Amino acid sequence: MARYVIADSHTFNLPDDRNKNYRGLNVFTLSELRGLTGMTKRGEFVTGQIQQPLFTLSPEERAGIMQASSYVQAVVSSRMNRISSLEWDIVHKKDLEDQVYYQFKDLKQIYDEFGDENNLKHLLLRYRIRVVLQREFPDLKDDLSNFRTVMLRYRKRFDRKTGDRKHEIKDWLEEPNQEDDFSDWVKKWVEALMIHGASSIYKDYMNERTLENFYVLPGGTVYPLRGVHVGSFVGYAQVVVGYMPKIYFQDEMTFTNYLPSAARSYGYVPLDALINKISEQILFDQFAAERADGTKEPEKLIVFGDNRSLYGDLTGDISLPMNPDEQKRIEEKINTIRKGAIATLSGVGHPVVEDISKADTFQQQSERQDKLLRDIALVFNMTNMEINLAGGEFTSGKETSETQAEIEEGKGTQPIIQKIQSILNKRILPFRFGTDYIFQYKKGLSDFEQVKLDTMKQQSGTYTRNEIRIDRGDEPILEEGNDSLQDPVSEAAGNSPFNPINMRNV
């Protein structure tokens with residue numbers, strides 16, 4: 001069972017009476033930890049340690065890449081829009097309801113088993129069971145003949161009771177704070193997770209116990225506190241230049257790594273692995289834009305040969321074939337950008353035309369852009385279909401497309417979706433609505449798939465008709481036979497996963 005603990009900074013600096021022979025070192029070297037003093041929500045100054053943030057890119061540079069690189073923005077925004085557009089719902093944990101429901105059904109079964117009217121013990125036991133059930137269900141008849149319909153009404157009353165609570169929770173989640181609706185909040189959370197390698201959520205309380213708002217803090221500003229040994233306190237420091245560091249505990253902060261590591265409290269940042277590829281893509285975009293209006297370096301150079309005497313004028317200084325001034329003049333002439341011009345140089349002798357264009361490299365660089373997009377998508381675990389590229393070999397057809405969809409869900413969006421559900425169900429909802437309700441994304445079966453699933457359940461003989469209807473959200477049918485198990489449907493061999501072969505008694 002999950003633990004929900006509200007941290008108190010007063011317990012932070014209490015004397016530690018445990019054995020001083022600590023085990024489980026949490027660092028490579030002590031020099032990788034940096035001392036830091038910050039302020040808690042109670043105004044106390046707390047001293048802790050963070051791991052040296054030795055990142056290749058600073059938070060500002062990561063945001064600049066998101067703004068300037070079309071490939072990175074396309075990949076990240078695709079994941080942001082995909083996850084933020086998923087349908088979700090609030091579901092009640094039916095453990096308590098099912099426990100009561102099956103407890104009543106067990107009592108009814110015991111009532112039916114002890115049906116000897118000539119046995120005083122049976123009569124007394126049935127009377128006690130009837131008293132217990134009628135205390136809970138006043139509309140139950142003395143002979144318990146309407147027990148099935150009473151239990152169905154009980155389920156419906158329970159659903160109506162929880163329905164109002166579900167709507168209240170959904171309305172609250174739709175506006176997690178004064179700035180965002182839930183869709184924008186999810187986009188910000190996913191963006192910080194993918195660009196900065198970590199997302200941090202700040203929880204704002206209306207009082208000491210009731211959660212009012214929750215925000216996504218700017219990516220790259222929050223660092224987990226780290227101790228020399230494992231099992232120490234859990235805390236976070238928000239470091240912004242020019243401000244006193246802020247210390248948060250788990251009651252105020254929820255921190256998530258994109259790629260967690262046992263060696264690094266901050267985990268890994270995907271963009272750090274893409275520095276060279278992103279630089280290449282941005283530089284090529286700039287190079288192509290500069291050529292788009294026809295302005296480019298000279299492509300042809302006319303060189304005049306020198307027909308002077310090999311020894312030149314012997315009465316004066318010997319003139320070398322190219323003195324520095326002449327070299328500078330030629331370099332300036334070649335590097336001057338103009339529209340479609342032919343550069344000419346003054347000189348003597350027979351002219352020679354030289355091709356100095358870079359046309360042979362532009363096509364190769366252009367073709368490499370798809371490779372750069374694939375590499376960027378690979379780091380972010382996106383499939384070819386997600387980045388609008390054709391699938392690989394033997395990936396056509398419905399079967400392979402479904403396989404690719406499963407791969408996408410398993411390595412790309414599904415881990416992020418599960419993390420969002422876990423955060424909301426363990427770190428957000430319990431601090432306002434308790435633990436009886438959970439946030440859940442809808443699976444989104446098609447009508448055909450739903451009918452196929454219902455048919456398979458019915459043919460298996462392990463689900464009643466009303467259980468199938470309730471599972472898909474429909475009202476149960478108050479008729480005889482809908483709450484009893486049916487015999488498995490017999491089919492030809494191979495036509496059903498529940499009857500793959502023919503069986504015959506011998």
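The values are calculated or read from the model by the stated rules, or taken from the named source; none is laboratory data. None of the values given here were measured: they were computed from a predicted structure. So basically every Cβ, Gly included, is an ideal-geometry build from the backbone, and we count neighbours across all protein chains shown.
Consider I201 against the criteria (1) at pLDDT 95 or above; (2) more than 19 Å from S84 (Cβ to Cβ): it satisfies all of them except one. Which criterion is unmet?
I201 satisfies every listed condition except (2).
Within 20 Å of the chain's Cα centre (by Cα), farther than 30 Å from E175 by Cβ and of a type in the set (S, T, Y): which single residue out of Y258, Y223, Y266 fits that description?
Just a single option satisfies the conditions, and that option is Y266.
Which condition number does Y127 fail, the rest of (1) among the aromatic types (F, W, Y); (2) within 30 Å of D181 (Cα to Cα); (3) loosely packed, with under 13 Cβ neighbours inside 10 Å being met?
Failing condition for Y127: (2).
Can you spot a residue in segment 296-306 that is of a type in the set (K, R), in a loop (DSSP other than H, G, I, E, B) and modelled with pLDDT under 80?
No, because not a single residue in segment 296-306 is of a type in the set (K, R), in a loop (DSSP other than H, G, I, E, B) and modelled with pLDDT under 80.
Would it be correct to say that K411 is modelled with pLDDT of 85 or more and assigned to a helix (DSSP H, G or I)?
no
Can you spot a residue in segment 122-130 that is in contact with a helix residue (DSSP H, G or I) (Cβ under 6 Å, 6 or more places away or on another chain), on the phi < 0 side of the Ramachandran plot and in a loop (DSSP other than H, G, I, E, B)?
Scanning segment 122-130, I find no residue that is in contact with a helix residue (DSSP H, G or I) (Cβ under 6 Å, 6 or more places away or on another chain), on the phi < 0 side of the Ramachandran plot and in a loop (DSSP other than H, G, I, E, B), so the answer is no.
Can you confirm whether T29 is modelled with pLDDT of 90 or more and among the polar types (S, T, N, Q)?
It is false that T29 is modelled with pLDDT of 90 or more and among the polar types (S, T, N, Q).
Looking at this structure, is G227 out of contact with any Ser or Thr (no Cβ under 6 Å at 6 or more places or on another chain), in a loop (DSSP other than H, G, I, E, B), in contact (Cβ under 8 Å) with a residue 60 or more places away in the chain and within 26 Å of Q73 (Cβ to Cβ)?
So G227 does not fit the description; no.
Please specify each residue of segment 429-450 satisfying the condition of being in a helix (DSSP H, G or I) and modelled with pLDDT of 75 or more.
P430, F431, R432, F433 - these are the residues of segment 429-450 that are in a helix (DSSP H, G or I) and modelled with pLDDT of 75 or more.
When you go through (1) surrounded by 20 or more Cβ atoms within 10 Å (Cβ to Cβ); (2) within 30 Å of L173 (Cα to Cα) one by one for L271, which number turns out not to apply?
Every listed condition holds for L271 apart from (2).
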